[in-house]
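Student: I have a structure here, written as structure tokens, and I will follow up with some questions on it.
The numbers here are math on the coordinates, done by the rules we state, and not lab data. None of the values given here were measured: they were computed from a predicted structure. Heads up, the Cβs are rebuilt from the backbone with ideal geometry, glycines too, and the neighbour counts pull from every protein chain shown.
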Amino acid sequence: MYHSVGGDVPGNPYGICIDPKLFNAHLRALAAHGGFRYSLFSKPSPARRELAITFDDGFRDTLTVAAPVLQELDLPMTVFVTSAHIREPGRLYLSKDELKMLAALPNVLIGAHGDRHKPLDALPDAELAAELRDSRSFLEDLLGRPVRTMSYPHGRVDRRVRDAAQAAGYELAGTSRYGISDAARDPLLLHRTEITAYDSVGDLLLKADGHWDWFARRHPDPAAK
């Protein structure tokens, strides 16, 4: 899970803005790894080891900086975008036309990331339902294709949120909880491992191979509730 590549998010919270040179090195190391089949974000397969490269929020640099590297290396990417960021993009986020450009690239899947990037587990039922429904309908209307995949803003998900996502028509959803998802994992509670500005190439490969999965102990597993 990446966020911004070369962006200028104030304060760079949690190291979400990674240097483009480091990102380039990350992707080239992954392309040379040989241990994975690279795929769009999908239900885990019991037959093969897959790795999906995802981006959250809908930063403009996902199109201008990250996408060219992935296209060159023929690596798929899934981008989870927040609708409000696209409606009023400012300097950081993709415009509607830019999102259409990104969605038109080969091996790119667009998913939802909430309508207003609110912590979903803190919302009352009606607002939660609207946040999930409106984010999906906005993207479907804009892109002219079904949107059945999402990631949870701020990684905030519990059983109520998971069930609301299913009721809103989502079939796959990513958390922010580190780990490898096996074929038995709930498709609406799939693990994702965050990559930050502080991760060297060595750190990235360790994370990709599961050596940081112990970090999941910091967060309760919503699938266990």
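Student: If you consider only alpha-carbon coordinates, what radius of gyration and Dmax does the range 73-156 have, in Å?
Tutor: Using the Cα atoms of the range 73-156, the pair Rg, Dmax is 12.9, 43 Å.
Student: Sketch the reach of a paramagnetic label on residue 215 as a point 7 Å from Cα along Cα-to-Cβ, and name the residues of the range 1-45 whose backbone nitrogen lies under 14 Å away.
Tutor: Counting only backbone N, you get 1-3, 14-18.
Student: For residue 42 and residue 105 in the same chain, what is the full-extension length gain: residue separation times 0.36 nm, less their Cα-Cα distance, in nm? It would help to have the intermediate numbers written out before the result.
Tutor: Details: separation 63, 0.36 × 63 = 22.68 nm, distance 1.82 nm.
Stretched out fully, the residue 42 to residue 105 stretch lengthens by 20.9 nm.
Student: Considering the options 173, 9, 139, tell which one lies farthest towards the positive end of the dipole of the chain, charges being +1 on Lys and Arg and -1 on Asp and Glu at the Cβ, about the Cα centre.
Tutor: Of the options given, the answer is 173.
Student: Could you sort the peptides 34-47, 60-73 by per-residue average Cβ neighbour count (10 Å cutoff), highest mean leading? Please list the in-between numbers first.
Tutor: Details: 34-47: 13.7, 60-73: 18.8.
Output ranking for 34-47, 60-73: 60-73, 34-47.
Student: For the chain, with only Lys/Arg (+1) and Asp/Glu (-1) charged at the beta-carbon, what is the dipole magnitude about the Cα centre, in debye rounded to 20?
Tutor: On the way: 28 positive and 30 negative charges, 72 e Å.
With Lys and Arg at +1 and Asp and Glu at -1, about 340 debye.
Student: Follow-up. To check my understanding: the extent here is largest minus smallest coordinate of the Cα atoms along each principal axis. What are those three numbers for the chain, in Å, largest first?
Tutor: Dimensions of the chain along the principal axes of its Cα atoms: 46, 40, 35 Å.
Student: Arranged from highest to lowest average of other beta-carbon atoms within 10 Å per residue, in what order do the peptides 152-159, 214-221 appear? Please list the in-between numbers first.
Tutor: Values: 152-159: 19.5, 214-221: 12.1.
Top to bottom by mean Cβ count within 10 Å: 152-159, 214-221.
Student: Could you tell me which of 90, 58, 164 has its Cα farthest along the dipole of the range 56-198 towards the positive end, charges placed at Cβ (Lys, Arg +1; Asp, Glu -1), taken about the Cα centre?
Tutor: Positive-most Cα among the choices belongs to 164.
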